Number of protein chains: 2
Amino acid sequence: MAEVDRSLSQTVKAQLALRDQILSGSLRPGERISELQAVETTGASRTPVRMALVRLEEEGLLEAIPSGGFMVKAFSERDISDSIELRGTLEGLAARFAAERGVSARELEPLKECLAAIDELLGQVPISIEAFSSYVTLNARFHALLTELSRSPPLIRQIDRASALPFASPSGFVMAQSALPEAQQILIIGQDHHRVVIDAIENREGARAEAIMREHARLAVRNLRLALRNRTHLDLLPALALIKTATD
Amino acid sequence: MAEVDRSLSQTVKAQLALRDQILSGSLRPGERISELQAVETTGASRTPVRMALVRLEEEGLLEAIPSGGFMVKAFSERDISDSIELRGTLEGLAARFAAERGVSARELEPLKECLAAIDELLGQVPISIEAFSSYVTLNARFHALLTELSRSPPLIRQIDRASALPFASPSGFVMAQSALPEAQQILIIGQDHHRVVIDAIENREGARAEAIMREHARLAVRNLRLALRNRTHLDLLPALALIKTATD
DNA sequence: CTAGCTCATAATGTATACATATTCAAGTAT
DNA sequence: ATACTTGAATATGTATACATTATGAGCTAG
């Protein structure tokens, strides 16, 4: 859509390029990232590369080395499930804020449209790969809209940061399900969570809205477990390269 | 302990200096931060200053301007109370993790020592200014130890980030109480929360541990309200300069 | 043969020069 | 008189040169 070549700043270009390299596994966890090497692969000079490295550290993908420089972070399975639970807890808080503080029908409308669009998607049986892809987009949109309902800039900011880790994002493991036989059921259950949280917010049931969003995230944790057990379709997972295998 | 002048990197020096300027009000909210001016006041050159600015943005004290550069962020009273509630929610999650996953007596020991030290402090009546200052240190230590009990690196990281905002940190409003007549009661109640959360973790009562930490944070919210009503001792507050006054 | 030290290499941290974009002010035209 | 345009000044974004520190290899001594 946008010309990546010249419309973006060198810093952003370097950040995107490095993130790709990390998530694709070109840069392996624990390995020190050479600035010089990054300069060669990204095309930017050292200054924007260093800026990008700092931002990726804040993002959680990199870890600062005490003696200087950065290395790619490694994540255990528990790290990932904790990150998902964390995200769910924050989304739960957002849902509770929305319920307690009240939301107008007008604000709820885009959420309901999103809900209806997903309903239509799930009506088709069996669910095609394209439908999965559309689901990822719509699901991300639903979660973003829900977060905004909290009308709390600090909370929105924290949720965005918690979702920055690719495996912690709301749609992190949806694609991994696409090959699973349980796929359709899981999506249907998730969609019901969506429906319930809207209902709870409408009725100003804060505790219910919060609880359902927490449980919703635990669906993602279950997907993670499923995906890691059936290791056949792990290539659909983002950032697989970052997952620590039990070697120690 | 460490010589601030030459043992720290220029980047860290610049970051500390700029943070001081922001929190002290030398740089006012909404105002664009001039790199050149920052170079003069901090003594570092533009490169480390820019690094510091990026880090302060991630920290939440600065906001990126679309056309380039950074400005000091302004916070409403609600932003602050939401940030505190957010921190409490995360600490609640940490306490629940600790309770559910189990903590050995050995791990709990430093927490109990901290608890006892605070008890001793609160035994003195009336509480001196020095005692308040010691309380701030011990309280911060207690919260840090509790967070670590979760044994969840992603969660610890997020709590640290949520506590980076000075007014959201566990001890953010303690000093503001020092002049309040209700001061002693508030500290006693807070200390009881500490006692209860340890008891809950020991007995593996996850829900109770979580709930009490949330309520504990709400004590800070109440302190915030109190402090903002009696505006006489607002000078003890950090980052008062960042609070948006109701002008719009 | 192993452990420790020294030196060379190469990395990061810093400073500054240069290019580009934005912003503000002044002047002109309507 | 006001609005728009143009230009200059100053800001940020980028590149690179320099300094300092970490790291690793090779040699020597025990």
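Figures for the structure shown
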| item | result |
| --- | --- |
| One residue from B:Met71, B:Met51 being open to solvent by less than 60 Å² (accessible area, probe 1.4 Å), within 16 Å of DNA strand D (Cβ to nearest atom) and in a strand (DSSP E or B) | B:Met71 |
| Criterion (more than 14 Å from chain B (Cβ to nearest Cβ) and surrounded by fewer than 18 Cβ atoms within 10 Å (Cβ to Cβ)) met by exactly one of A:Ala164, A:Ala200, A:Ala105, A:Ala176 | A:Ala105 |
| For B:Ser133: the one exception among (1) within 30 Å of B:Leu62 (Cα to Cα); (2) in contact with a Lys or Arg (Cβ under 6 Å, 6 or more places away or on another chain) | (2) |
| Filtered residues of the range A:54-68 (kept if more than 12 Å from DNA strand D (Cβ to nearest atom) and either in a helix (DSSP H, G or I) or in contact with a His (Cβ under 8 Å, 6 or more places away or on another chain) (or both)) | A:Val54, A:Leu56, A:Glu57, A:Glu58, A:Glu59 |
| Boolean, A:Ile186 is in contact (Cβ under 8 Å) with a residue 24 or more places away in the chain, open to solvent by less than 30 Å² (accessible area, probe 1.4 Å) and within 28 Å of A:Leu242 (Cβ to Cβ) | yes |
| The range A:61-87 residues that are on the phi < 0 side of the Ramachandran plot, paired with ones that are part of a loop (DSSP other than H, G, I, E, B) and of a type in the set (Ser, Thr, Tyr) (beta carbon under 7 Å, 6 or more apart) | A:Asp82/B:Ser152; A:Arg87/A:Ser163 |
| Which numbered condition A:Thr41 fails, given (1) in a helix (DSSP H, G or I); (2) within 27 Å of B:Glu59 (Cβ to Cβ) | (2) |
| Residue count for the range B:54-68, restricted to those that are within 20 Å of B:Leu242 (Cα to Cα), more than 10 Å from chain A (Cβ to nearest Cβ) and open to solvent by 10 Å² or more (accessible area, probe 1.4 Å) | 3 |
| So A:Ser83, is it in contact with a Pro (Cβ under 9 Å, 6 or more places away or on another chain), open to solvent by less than 20 Å² (accessible area, probe 1.4 Å) and among the hydroxyl-bearing types (Ser, Thr, Tyr) | yes |
| Residue list for the range B:18-28, restricted to those being surrounded by 14 or more Cβ atoms within 10 Å (Cβ to Cβ) and within 16 Å of DNA strand D (Cβ to nearest atom) | B:Leu18, B:Gln21, B:Ile22, B:Leu27 |
| The lone exception for B:Leu56 - which of (1) within 16 Å of DNA strand C (Cβ to nearest atom); (2) more than 23 Å from the chain's Cα centre (by Cα) it fails | (2) |
| One residue from B:Ala144, B:Ala116 being within 30 Å of A:Leu61 (Cβ to Cβ) and part of a helix (DSSP H, G or I) | B:Ala144 |
| Boolean, B:Arg151 is among the charged types (D, E, K, R) and within 21 Å of B:Ile84 (Cβ to Cβ) | no |
| Flag for B:Arg46 being within 11 Å of DNA strand C (Cβ to nearest atom), within 22 Å of B:Leu240 (Cα to Cα) and either within 14 Å of chain A (Cβ to nearest Cβ) or touching a residue at least 12 places away in the same chain (Cβ under 8 Å) (or both) | no |
| Subset of the range B:203-214 (residues that are surrounded by fewer than 17 Cβ atoms within 10 Å (Cβ to Cβ) and in a helix (DSSP H, G or I)) | B:Ala207 |
| Residue, farthest from the chain's Cα centre (by Cα), within the range B:19-36, restricted to residues that are within 14 Å of DNA strand C (Cβ to nearest atom) and away from chain A (no Cβ under 14 Å) | B:Leu36 |
| Residue among A:Ala74, A:Ala14 that alone is more than 13 Å from DNA strand C (Cβ to nearest atom), under 19 Å from A:Leu242 (Cα atoms), within 14 Å of chain B (Cβ to nearest Cβ) and of a type in the set (A, V, I, L, M, F, W, C) | A:Ala74 |
| Breaking point among (1) open to solvent by 70 Å² or more (accessible area, probe 1.4 Å); (2) in a helix (DSSP H, G or I), for A:Arg96 | (1) |
| Residue check, B:Arg19 modelled with pLDDT of 90 or more and under 27 Å from A:Arg157 (Cβ atoms) | yes |
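Conditions tested, residue by residue: (1) touching a helix residue (DSSP H, G or I) at 6+ places or on another chain (Cβ under 7 Å); (2) more than 16 Å from DNA strand C (Cβ to nearest atom).
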{"site": "B:Thr42", "(1), (2)": "yes, no"}
{"site": "B:Arg50", "(1), (2)": "yes, no"}
{"site": "B:Phe70", "(1), (2)": "yes, no"}
{"site": "B:Asp82", "(1), (2)": "yes, yes"}
{"site": "B:Ala98", "(1), (2)": "yes, yes"}
{"site": "B:Glu109", "(1), (2)": "no, yes"}
{"site": "B:Ile118", "(1), (2)": "yes, yes"}
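Each row is one residue, and each column tells you yes or no for (1) at pLDDT 95 or above; (2) of a type in the set (A, V, I, L, M, F, W, C).
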site: A:Arg6; (1), (2): no, no
site: A:Glu31; (1), (2): no, no
site: A:Glu35; (1), (2): no, no
site: A:Pro48; (1), (2): yes, no
site: A:Glu58; (1), (2): no, no
site: A:Leu61; (1), (2): yes, yes
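The values are calculated or read from the model by the stated rules, or taken from the named source; none is laboratory data. Please read all numbers here as calculations on a predicted model, not as lab measurements. Note that each Cβ is placed from the backbone with ideal geometry, even for glycine, and that neighbours are counted across all protein chains shown. Please note that ligands, DNA and RNA were not included when accessible areas were found on the heavy atoms of the full protein model with its side chains. Shrake-Rupley method; radii C 1.70, N 1.55, O 1.52, S 1.80 Å.
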